[in-house]
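For reference, the structure is listed below as structure tokens.
None of the figures in this text is laboratory data; all of them are computed from the coordinates on show. Please read these numbers as outputs of a predicted model, since none were measured by experiment. Here the Cβ positions follow ideal geometry from the backbone for every residue, glycine too, while neighbour counts run over all protein chains shown.
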């Protein structure tokens, strides 16, 4: 790694709740996530911004911004809900997590997920997320941080 890469890797990753002032940046990162994972989602950045605004204002979803020396490196969107088999136990549905391309392969993704589980998610909550079949790198990442495949959703046209 070059000097700047080493500096990036050593800086601590922090997290904070997303705010209205983050909406444009969140929409840009969401668009990049859609492209990275090969999603068919056709939403424009403006539509993604409004959807994110609704999530932030609606209260069911929570968004977190990850920073490295006050530079935004990524974000996550999740909700806490009752576990489907044990209503007393909390569960987390992680809808989106994204780390900017230039910060990948330096431990930022692992650090971001660790921050979520230690600073934002309820202790002991089971984490569920979806990985598109068109995103094998995403599947590899989630398995590397300790998650395991649970179900496969099949789609087709009639």
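Listing for the model above:
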| quantity | calculated |
| --- | --- |
| Where labels lie 7 Å past Cα in the beta-carbon direction, separation of residue 86 and residue 19 in nm | 3.8 |
| Candidates 85, 98, 141, ranked by Gaussian network fluctuation over the chain, Cα under 10 Å, top entry | 85 |
| Order of 81, 35 - criterion: other Cβ atoms within 10 Å of each residue's Cβ, fewest first | 35, 81 |
| Along each principal axis, Cα extent of region 3-144, largest first, Å | 49, 33, 32 |
| Normalised contact order of region 26-144, rounded percent, pairs of Cα under 8 Å and 6 or more residues apart | 22 |
| Overall Cα dimensions of region 79-158 - principal axes, largest extent first, Å | 44, 40, 18 |
| Antiparallel bridges, percent of DSSP beta bridges restricted to region 3-144 (to nearest 5) | 85 |
| Mean-position separation - Cα centroids, region 45-62 and region 69-119, in angstrom | 17 |
| Cβ-based exposure ranking for 150, 78, in which fewest neighbours within 10 Å come first | 150, 78 |
| Region 63-122, relative contact order in percent, only Cα pairs under 8 angstrom and at least six apart counted | 26 |
| Burial ordering of 145, 88, 64, fewest other beta-carbon atoms within 10 Å first | 88, 145, 64 |
